[in-house]
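Bear in mind that the values in this text are calculations on the coordinates, not laboratory data. Everything quoted here is computed from the prediction, not taken from an experiment. Cβ: placed from backbone, ideal geometry, glycine included. Neighbour counts: every protein chain shown.
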Amino acid sequence: MGETRAISQFVEKTAFPQLPPEVIQKAKGVILDTLGCAVAGHSLAREEFQWIFGLVKDLGGAPRSTVWIEGLKTSAPQAALVNGTLVHTIDFDDTHLGSIAHFGASVVPSCLALAEDLQLDGKAILTAMVLAYEIGGRVGKAVMPSHYQFWHPTGTLGAIAVGVAAAKLLNLSAEKIDQAIGLAADAASGMRYGIDFGDFSKSLHPGLAGWHGIMAASLIHRGATGPRGLLEYPTGFCRAYGAKPAVEALTEGLGKSYEILTDSLKAFPTILCSHTPIQGTLQIVTEHRLRMEEIESIHFRVSPTAPGQGLNDSPQTPLAARLSIPYCVARAVADGNVSMDQFGEEKLKDHKIREFMKRITVESDPAFKDQYPGTLAAWVEVKTKDGSIFKGESIYPKGHPRNPMTEEEIKEKFRRLCAATLRKGRIEAMIEKVFGLENVNNIGDLIFLLVR
C-alpha cells in the first residue's frame with residue numbers, strides 16, 4: 001500500500017473518542033491562540049487585512065461562513081482565505097517544529113469556516129484539526145530541511161493540512177481523502193521570498209492554503225477525481241519539494257504519537273528563530289544590568305533552519321522587522337522586552353536601534369542540529385565597551401513543548417491580543433467556548449463571539 005493511501009485510511013478511521021486528552025487540550029490552546037492573533041491583526045495590520053477583505057467582499061459568494069470581526073458572510077473557501085491571512089499578519093501564531101509551518105493560520109480558519117457552513121460541532125473541528133496537523137506535520141518532516149531553501153512551509157504544507165481537515169469534515173472515504181490530498185498538494189505554493197523580505201505574500205500564504213485545501217476536498221466531495229498516491233509518486237510532492245525526501249516519515253509510527261504535541265506557541269510577536277536569541281540576550285542584560293550604550297557587540301550561534309533566515313539587517317516594514325533577529329534583539333536590549341507595539345512605522349525609524357543593529361552578528365552552527373534536535377537554540381556572547389564578555393545560552397523558547405505555556409498563560413496572551421478590539425465579557429466568553437469546545441454543538445455559537 002502506498003503512503004498516501006495509508007495516511008488516508010488513518011484519517012478516515014480516526015474519531016474523536018480515540019484522541020488522548022492531552023492532544024485535545026493542546027488543540028484547544030492552539031485554537032485560542034490563533035483566534036487571538038486574528039483579532040489583534042485586525043487592529044495592528046489593518047491595511048493588509050483590507051486588501052484581502054476588500055477583494056473577497058467584491059467577489060461575493062454564498063453567505064455561509066463568516067469573515068471574523070467584520071461579520072461579512074461569504075463562501076467557506078473565501079472566509080478561510082481572509083481569516084487565514086488575517087491570523088498571520090502579525091507573525092504571532094504557532095509553529096509546528098518538525099516542519100516550521102504555521103499550521104494554525106491555515107487550519108483553524110478553514111476548519112471553522114467549513115464547520116460553520118456544514119453546521120458541525122466542536123468535536124468534529126477538534127478531530128479534523130488534529131488530523132490536519134498530523135498529516136501536514138509528517139509531510140513537512142519528509143521534505144525538510146531542504147524544502148525551506150525555496151518554499152514557505154506555511155503555504156505549501158498548509159494546503160495539504162487543510163485538504164486533510166476539509167476531507168475529514170466532509171466525511172470522505174479513504175479513497176477520496178487520498179485524492180483530496182493529491183489535489184491540495186498539486187495546488188500547494190508559497191515561495192521563501194516572503195520570509196526574507198516580509199512582504200504581503202507571507203501573510204497571504206496561509207489564506208491561500210486554506211482556500212486551496214477546502215477547494216480540493218470540496219471538488220472531490222462533488223465527484224471530481226484527483227491524483228492518487230501523489231505524496232510518494234516518483235515525480236510527486238515529496239520528491240519535487242525536497243532534495244532528499246524521507247518518504248518513510250509519512251507513515252512511521254502513525255497513530256502512536258501526535259504531531260500537534262510538537263507544536264510551539266509564541267511568547268514574542270516575531271519569527272520563531274529570534275525567540276532564543278531574544279531570551280538569551282534578555283537574561284544576560286537583566287542579570288548584569290547592562291544598558292544599550294554599554295554594549296560593544298552581541299554575537300549569536302544559532303540552530304540552522306535555512307540560509308539567511310532572520311538575518312534582515314535593514315527591515316523596511318513592520319512585518320520585515322518581526323522577521324529580523326537584529327531588530328528584535330536591539331528592541332529587547334533597548335526596552336527590556338519585545339511586544340507588539342514595538343513594530344510601528346515610527347519605531348522602525350529609530351536611529352539608535354538602527355545603529356545598534358550593526359553591532360549584532362548571527363552565525364549558523366550546523367552542530368546544533370544534532371546537539372539540540374527539535375528546537376531553534378542560541379548561544380549568546382555579549383561584549384561590553386570596557387572589555388567584559390558575558391556568555392549564555394537559550395535552548396527552548398517559551399511556548400516550546402519542553403518549555404510550554406501554561407493554560408493560564410495562553411489565556412492571558414489571548415486577553416492581551418483582544419483587549420483593543422473586543423469587550424472583556426466577550427473575550428472571557430470566547431475563552432470559555434474554546435476550552436469547552438467538545439461541548440459546543442454548533443460552531444456558530446463561537447463564530448458569533450468573533451464578530452465585533
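I need to check one value: relative contact order of the stretch 272-394, counting alpha carbon pairs closer than 8 Å and at least 6 residues apart, in percent.
41 percent
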* Asked: Ranked highest first by the average count of other Cβ atoms within 10 Å around their residues, in what order do 343-354, 132-143, 79-90, 197-208 fall?
  -> 79-90, 132-143, 197-208, 343-354
* **Calculated diffusion of the chain, Stokes-Einstein form, Kirkwood radius summed over Cα pairs, 25 °C and 0.890 mPa s, µm²/s** => 112 µm²/s
* To do: Would you mind ranking VAL11, VAL329 so that the residue whose beta carbon has the fewest other beta carbons within 10 Å leads the list?
  => VAL11, VAL329
* Asked: Could you put LEU183, LEU172, LEU55 in order, starting from the residue whose Cβ has the fewest other Cβ atoms within 10 Å?
  -> LEU55, LEU172, LEU183
* Could you give the distance between the Cα centres of the stretch 1-52 and the stretch 177-195, to the whole Å? -> 17 Å
* **Listed residue (SER218, ILE177, GLY236) projecting farthest to the positive dipole end of the chain, Cβ model** => SER218
* Spatially proximal aspartates and glutamates relative to LYS26 (Cα-Cα < 12 Å; intrachain offsets below 8 disregarded) -> ASP94, GLU259, ASP263, GLU407
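Taking the Cα centre of the stretch 167-246 as the origin, how large is its charge dipole in debye, to the nearest 20, when only Lys and Arg (+1) and Asp and Glu (-1) carry charge on their Cβ atoms?
The calculated dipole for the stretch 167-246 is roughly 80 debye.
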* Structure fact -> Of the convex hull enclosing the alpha-carbon atoms of the stretch 272-394, the direction-averaged projected area in nm² is 7.1 nm²
* Picking from SER339, ILE395, ILE360, whose Cα lies most toward the positive end of the charge dipole for the chain (charges on Cβ: Lys, Arg +1; Asp, Glu -1)? -> SER339
* **the stretch 70-151: relative contact order in percent, alpha carbon pairs under 8 Å with at least 6 residues between** => 31 percent
* Using the Cα centre as the reference, give the magnitude of the dipole from point charges on the C-beta atoms of the stretch 272-394 (Lys, Arg: +1; Asp, Glu: -1; all else neutral), rounded to the nearest 20 debye. => 100 debye
* Structure fact -> The extension gain from HIS351 to LYS256, computed as 0.36 nm times the residue separation minus the Cα-Cα distance, is 28.9 nm
* Asked: How large is the dipole of the chain about the Cα centre if only Lys and Arg carry +1 and Asp and Glu carry -1, each at its Cβ, rounded to the nearest 20 debye?
  -> 260 debye
* Values of log10 I(q)/I(0), in the order q = 0.19, 0.22 Å⁻¹, for the stretch 370-445 under a Debye, Cα-only, solvent-free model -> -0.90, -1.01
* Entries in LYS358/LYS385; LYS13/LYS413; LYS349/LYS398; LYS383/LYS413; LYS168/LYS266 that, when Cα-Cα distance is taken, lie over 26 Å -> LYS13/LYS413; LYS349/LYS398; LYS383/LYS413; LYS168/LYS266
* Find, to one decimal place in angstroms, the Kirkwood hydrodynamic radius of the stretch 118-235, where the mean of 1/r is taken over every pair of different Cα atoms and then inverted. => 14.3 Å
* **3J(HN,Hα) from dihedral phi, the stretch 211-220, Karplus parametrisation 6.51/-1.76/1.60, rounded to Hz, x for glycine, proline** => 4, 4, x, 5, 4, 4, 5, 5, 5, 5
* Taking only DSSP H segments of four or more residues, each worth -39500 (n - 2.57), what value at 222 nm results for the chain once the sum is divided by all its residues, to the nearest 500 deg cm²/dmol? -> -16000 deg cm²/dmol
* With label points built 7 Å along Cα→Cβ from the Cα atoms of SER189 and SER388, find their separation and express it in nm. => 5.4 nm
* Which residue, chosen from ALA62, ALA38, PHE49, occupies the Cα position most advanced towards the positive end of the dipole of the stretch 13-65, where the dipole is computed from +1 (Lys, Arg) and -1 (Asp, Glu) charges on Cβ about the Cα centre? -> ALA62
* **Rounded if a/c under 1.5, otherwise prolate or oblate - the stretch 404-452, Cα gyration tensor axes** => oblate
* the stretch 405-452 to the stretch 317-355: how many Å between their Cα centroids? -> 29 Å
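Counting other C-beta atoms within 10 Å, which of MET430, MET405 has the fewest, and how do the rest follow?
If I rank by nearby Cβ atoms, fewest first, I get MET405, MET430.
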* Structure fact -> Computed over the chain: longest principal axis from alpha-carbon atoms vs helix 325-335 long axis, angle to nearest 10 degrees, is 60 degrees
* Asked: Evaluated at 20 °C with a viscosity of 1.002 mPa s, what Stokes-Einstein diffusion coefficient in µm²/s does the stretch 31-161 have when Rh comes from the Kirkwood expression over alpha-carbon pairs?
  -> 144 µm²/s
* Structure fact -> Volume per residue (Å³) of the convex hull spanned by the alpha carbons of the stretch 158-292 is 161 Å³
* To do: Name the residues whose placed amide hydrogens come within less than 5 Å of the amide hydrogen of GLU296, ignoring near sequence neighbours (fewer than 5 apart) on the same chain.
  => LYS383, THR384, LYS385
* Mean separation of Cα contacts under 8 Å, 6 or more apart, over the residue count of the chain: relative contact order % -> 21 percent
